[in-house]
1. Criterion first (small (Gly, Ala, Ser) and either more than 21 Å from A:ALA18 (Cα to Cα) or within 8 Å of chain A (Cβ to nearest Cβ) (or both)) does B:ALA41 satisfy it?
2. Taking region B:1-36 as the region of interest, how many residues are more than 30 Å from A:GLY91 (Cβ to Cβ) and among the aromatic types (Phe, Trp, Tyr)?
3. Check B:ASP32 against each of (1) surrounded by fewer than 18 Cβ atoms within 10 Å (Cβ to Cβ); (2) at pLDDT 90 or above; (3) of a type in the set (Asp, Glu) and name the one condition it does not meet.
4. Can you find a residue that is at the interface with another protein chain (Cβ under 10 Å from one of its Cβ atoms) and not in a helix (DSSP H, G or I) anywhere in region A:37-56?
5. Quick one: which of B:LEU49, B:LEU19 is crowded, with 24+ Cβ neighbours inside 10 Å, at the interface with chain A (Cβ under 7 Å from one of its Cβ atoms), more than 11 Å from the chain's Cα centre (by Cα) and in a helix (DSSP H, G or I)?
6. Provide a single number: the residues in region B:52-76 that are more than 7 Å from chain A (Cβ to nearest Cβ) and closer than 14 Å to A:LEU83 by Cα.
7. Which numbered condition in (1) at the interface with chain B (Cβ under 9 Å from one of its Cβ atoms); (2) exposed (fewer than 15 other Cβ atoms within 10 Å of the Cβ); (3) part of a helix (DSSP H, G or I) is the only one that A:PRO93 fails?
8. Among residues belonging to region B:3-16 that are free of Cβ contacts under 8 Å to residues at least 12 places away in the same chain and facing chain A (nearest Cβ under 9 Å), point out the one that is farthest from B:GLU83 (Cα to Cα).
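The values are calculated or read from the model by the stated rules, or taken from the named source; none is laboratory data. Keep in mind that this is a model prediction, so the values were computed, not measured. Cβ placement follows ideal geometry from the backbone for every residue including glycine, while neighbour counts extend to all protein chains displayed.
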Amino acid sequence: MIEAFKLTAVVVGVFFMAVASIGVLRLPDFYHRIHAPTKAATLGLAFLLLAAALAVGEAVVWTKAVLALLFLAATAPVGAHLLCRAAYRAGVPSAKAIELDEYRPHDGEHTPQPSSSES
Amino acid sequence: METYLIVVAQGVLGIGIVLCGIRAVRGPSAFDRVMAFDCIALNVVGVVLLDSIVQRTGAYMDMVLVVALLGFLGTISFAAYLEGSLVD
């Protein structure tokens, strides 16, 4: 029974990892491509960690697997957000026009001007 | 049976590493390259986990944690460097 769970987790995890890699190669622009390793690869690694913990079955391995999963789930969105914001500010083009662009600098007179007090 | 399936799974992850490598070579911007190397690190972690299933040892879990930590640190530092907030 545990063997069946383990092999199912291996198949599902490898499927999501493969989807992430194909998405990195095939999606049209950077803002699409950053989604693939952030979400699909994290889910795939969650299943692979589950499979490894089921295969070994020691308490130490379960603890380290849960720790690694928590760490990945906490850091992958942060890294993707920082990278995406840096790409937006660097002017990386997108494939289609962005409909809702909340990072766009405003042009009105209430706009806080960028401070020129660079010492 | 199980060993064959895991070897095939490792082959699939290896193909994924090759696909991310193509994106890292072709990528139009430096951000694509950083993202592709991050994805390569996650695929390497997957291969190591599958190897630990074959050998039934928990000795590789530390390496999983370390590679995940280093991948995150690399992504963060490259994002800060490319954004220009490290220059000051």
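1. no
2. Summing the residues that are more than 30 Å from A:GLY91 (Cβ to Cβ) and among the aromatic types (Phe, Trp, Tyr) in region B:1-36 gives 1.
3. Just one mismatch for B:ASP32, condition (1).
4. No, that holds for no residue.
5. Only one candidate qualifies: B:LEU49.
6. Going through region B:52-76 one residue at a time, the tally reaches 3.
7. (3)
8. B:LEU5
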